[in-house]
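Below is one structure; the comments refer to it alone.
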Amino acid sequence: MTTISLIVCTLNRATSLDGALRHFALAIGTRRNIEVVVIDNGSADNTKDVLVQWAGSVSFPVKYAYVGTKGLSVARNVAISASSGDLLVFTDDDCHMDRDFFTCMERHYEGDTVPVMRGGRVELGDPSDMPFTIKTDIVPEQMNDVHFPGGFVIGANMVIPRAIIEDVGLFDERFGAGAYLKAAEDTDYIHRVYRKGYKVEYQPDFLVHHFHGRKTLDEIKKLHEQYNIGNGALYAKHCTDLKLLRHFYWDCRKAVKGVAPHEGIDLSSRAVVVGNIKGVFKYAYLSVRAYGRRIRTVMRHAPAGEEVVLQFGPQLHAA
């Protein structure tokens, strides 16, 4: 049986993490092939206490790591090192899994003869939240050259075989919440996986509910700007990939025509292009400073004594 590592990175969100953990336990049930890896990215609240108490109430393995170096990509890279599963399932600390999540997800991996990256459906957990950072399509889809990598798979519901990570490498720590470029860590990784020749699929039947808590247009506009800047940095990083750069051209055309970039939310298409240009300059700034010229490994980015990995409960079993 394939082993699975369920990975969640968190920072000062003990309350939402508590709800997420309870739903993880319901989805895992009595399975013995799943471990949970929680990366605390420098929390000052009672995140560890919540995790330790929860870990004592479940029968499957739980790993906890505290990493003070801020950055979602940093935390994910620590998780990759600390985990032992064949499949790495990434979700967020404000997401609740459906009870049949793993049943549906494993069904797609049972017949694979080659590694495939997949993402599942992400619905709003609270209907009063703005309809953003979700993916509600009900039709399966396979990524091709026309798709933009951002949003094709949502990081709150993303599955990557370890074999792909061993080939493609770790997350780029210049991207993601807590980094200089506050977004596009998933977009960059999806693009790298696809350009390596692996299939990237969206399958709507394994589902999480996202309680992101953003209820105003101003909050969405701020997040949208971060995405636009991140995507601009992505264009700069992969500037020789003309198929990717077509998306910038298409966005420029939309800006000229005034086509809305997001259906149902009043966002500016011009803001997309302006944000992209800002991202190009931000990436150039990083390059000039020679900041992060190569992705650092877990042992490089964590000073001695900063990273603590604790194991709770039984070991992970393949059968």
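The values are calculated or read from the model by the stated rules, or taken from the named source; none is laboratory data. What you see is a predicted model; the values in this text were computed from it and never measured. Cβ placement follows ideal geometry from the backbone for every residue including glycine, while neighbour counts extend to all protein chains displayed. Surface accessibility is based on the protein's heavy atoms, side chains included, excluding ligands, DNA and RNA. Shrake-Rupley method; radii C 1.70, N 1.55, O 1.52, S 1.80 Å.
If we keep just the residues of region 253-291 that are at pLDDT below 95 and of a type in the set (S, T, N, Q), which is surrounded by the fewest Cβ atoms within 10 Å (Cβ to Cβ)?
Among those residues, the one meeting the criterion is SER287.
Please go through region 194-240 and pick out each residue that is among the acidic types (Asp, Glu), assigned to a helix (DSSP H, G or I) and farther than 15 Å from ALA184 by Cβ. Give the derivation first.
To start, the set of residues in region 194-240 that are among the acidic types (Asp, Glu) comprises 201, 205, 218-219, 225.
Within this subset, residues satisfying the condition of being assigned to a helix (DSSP H, G or I) are 218-219, 225.
Scanning region 194-240 gives ASP218, GLU219.
So ASP126 fits all but one of (1) within 22 Å of ALA75 (Cβ to Cβ); (2) in contact with a Phe, Trp or Tyr (Cβ under 8 Å, 6 or more places away or on another chain); what number is the exception?
Exception for ASP126: condition (1).
So which of ARG214, ARG195 is surrounded by fewer than 20 Cβ atoms within 10 Å (Cβ to Cβ), closer than 24 Å to VAL122 by Cα and over 15 Å from the mean Cα position of the chain (by Cα)? Don't jump to the end; show me each part of the working.
Details: ARG195 fails: closer than 24 Å to VAL122 by Cα.
Sole residue among the options that is surrounded by fewer than 20 Cβ atoms within 10 Å (Cβ to Cβ), closer than 24 Å to VAL122 by Cα and over 15 Å from the mean Cα position of the chain (by Cα): ARG214.
Suppose we filter region 113-141 for residues that are of a type outside the set (A, V, I, L, M), more than 13 Å from CYS95 (Cα to Cα) and in contact with a Leu (Cβ under 9 Å, 6 or more places away or on another chain); how many remain?
The number of residues fulfilling the criteria is 3.
Which members of region 218-242 meet the condition of being open to solvent by 80 Å² or more (accessible area, probe 1.4 Å) and of a type in the set (S, T, N, Q)?
Residue satisfying the conditions is THR240 alone.
Within region 95-113, does at least one residue satisfy the condition of being assigned to a loop (DSSP other than H, G, I, E, B), open to solvent by 10 Å² or more (accessible area, probe 1.4 Å) and within 24 Å of VAL78 (Cβ to Cβ)? Steps first, answer last, please.
Taking region 95-113 first, the residues assigned to a loop (DSSP other than H, G, I, E, B) are 98-100, 110-113.
Next, from what is left, pick out any that are open to solvent by 10 Å² or more (accessible area, probe 1.4 Å): 98-100, 110-113.
Now restrict to residues that are within 24 Å of VAL78 (Cβ to Cβ): none.
No, because not a single residue in region 95-113 is assigned to a loop (DSSP other than H, G, I, E, B), open to solvent by 10 Å² or more (accessible area, probe 1.4 Å) and within 24 Å of VAL78 (Cβ to Cβ).
So is ALA163 open to solvent by 40 Å² or more (accessible area, probe 1.4 Å) and not polar (S, T, N, Q) or not?
yes
Which residues, counting only those in region 176-192, are part of a loop (DSSP other than H, G, I, E, B), among the hydrophobic types (A, V, I, L, M, F, W, C) and either closer than 18 Å to ASN144 by Cβ or open to solvent by less than 40 Å² (accessible area, probe 1.4 Å) (or both)? Step through it out loud before you land on a result.
If we filter region 176-192 for residues that are part of a loop (DSSP other than H, G, I, E, B), which is where we start, we get 176-180, 182-184.
Narrowing the set further to residues that are among the hydrophobic types (A, V, I, L, M, F, W, C) leaves 177, 179, 183-184.
ALA179, ALA183, ALA184, listed by residue number.
Out of region 15-52, which residues are more than 16 Å from ALA65 (Cβ to Cβ) and in a helix (DSSP H, G or I)?
Passing the criteria: THR15, SER16, ASP18, GLY19, ALA20, ARG22, HIS23, PHE24, ALA25, LEU26, ALA27, ILE28.
Within region 137-145, is there a residue that is farther than 27 Å from ARG214 by Cβ, part of a strand (DSSP E or B), touching a residue at least 40 places away in the same chain (Cβ under 8 Å) and of a type outside the set (A, V, I, L, M)?
So in region 137-145, the residues farther than 27 Å from ARG214 by Cβ come out as 140, 142, 144-145.
Remaining after also requiring part of a strand (DSSP E or B): 142.
Subset that is touching a residue at least 40 places away in the same chain (Cβ under 8 Å): 142.
Applying the additional criterion that residues be of a type outside the set (A, V, I, L, M) yields 142.
The answer is yes; a qualifying residue exists.
What's the total number of residues in region 213-228 that are of a type in the set (Asp, Glu) and over 13 Å from GLY279 (Cα atoms)? Walk me through how you get there before you give the answer.
So in region 213-228, the residues of a type in the set (Asp, Glu) come out as 218-219, 225.
Now restrict to residues that are over 13 Å from GLY279 (Cα atoms): 218-219.
Going through region 213-228 one residue at a time, the tally reaches 2.
With respect to PRO149, is the statement that it is more than 17 Å from the chain's Cα centre (by Cα), modelled with pLDDT of 95 or more and of a type outside the set (Asp, Glu) true?
Values: more than 17 Å from the chain's Cα centre (by Cα): no; modelled with pLDDT of 95 or more: yes; of a type outside the set (Asp, Glu): yes.
So PRO149 does not fit the description; no.
Which of the numbered conditions does THR240 fail, given that it passes all the others? Conditions: (1) of a type outside the set (A, V, I, L, M, F, W, C); (2) modelled with pLDDT under 95; (3) over 30 Å from LYS70 (Cβ atoms).
Looking at each condition in turn, THR240 falls short on (2).
Select, from ARG253, ARG270, ARG174, ARG246, the only residue that is of a type in the set (D, E, K, R) and within 27 Å of LEU6 (Cα to Cα).
Criteria check complete, one pass: ARG174.
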